[in-house]
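Read through the structure below, which is laid out as C-alpha cells, and then see the notes.
The values are calculated or read from the model by the stated rules, or taken from the named source; none is laboratory data. Small disclaimer: the values here were computed from a predicted structure and weren't measured. With ideal geometry, Cβ positions are generated from the backbone for all residues, glycine too; neighbour counts draw on all protein chains shown.
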Amino acid sequence: MTLLVRAARARLVSPGFRGVATSAARLGGSPPFLHIPPPPPPEFEPDGTPKKYPLHQPVWDHGY
C-alpha cells in the first residue's frame with residue numbers, strides 16, 4: 001500500500017474523528033437536532049401586562 005492510502009485509512013479510523021453521520025444517539029453522539037430555533041417574542045395583553053399561558057389543562061372524564 002502506498003503511504004497516502006495508509007494515512008487516509010488511519011485518519012478515518014482515528015478515535016477523535018467522527019462525522020455527523022456517525023454521531024447517532026446510540027453511539028453517544030449529538031442529539032437528533034443540530035439547531036434549536038429561538039423562542040418566540042413575548043406577547044402582551046391590551047393593558048400592557050404580559051400574556052400568561054396556563055400549563056395545567058383540565059382533565060375530563062370521558063367514561064372510558
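Report yes if some residue within segment 51-62 is in a loop (DSSP other than H, G, I, E, B), loosely packed, with under 10 Cβ neighbours inside 10 Å, at pLDDT 75 or above and within 15 Å of the chain's Cα centre (by Cα); otherwise report no. There is no residue in segment 51-62 that is in a loop (DSSP other than H, G, I, E, B), loosely packed, with under 10 Cβ neighbours inside 10 Å, at pLDDT 75 or above and within 15 Å of the chain's Cα centre (by Cα). The residues on offer are R18, R11, R6, and the sole one that is in a helix (DSSP H, G or I), of a type outside the set (F, W, Y), out of contact with any His (no Cβ under 8 Å at 6 or more places or on another chain) and at pLDDT below 75 is R11.
Looking at the structure I just gave you, is P31 surrounded by fewer than 10 Cβ atoms within 10 Å (Cβ to Cβ), on the phi < 0 side of the Ramachandran plot and at pLDDT 80 or above? Taking the combined requirement at face value, the residue does not satisfy it.
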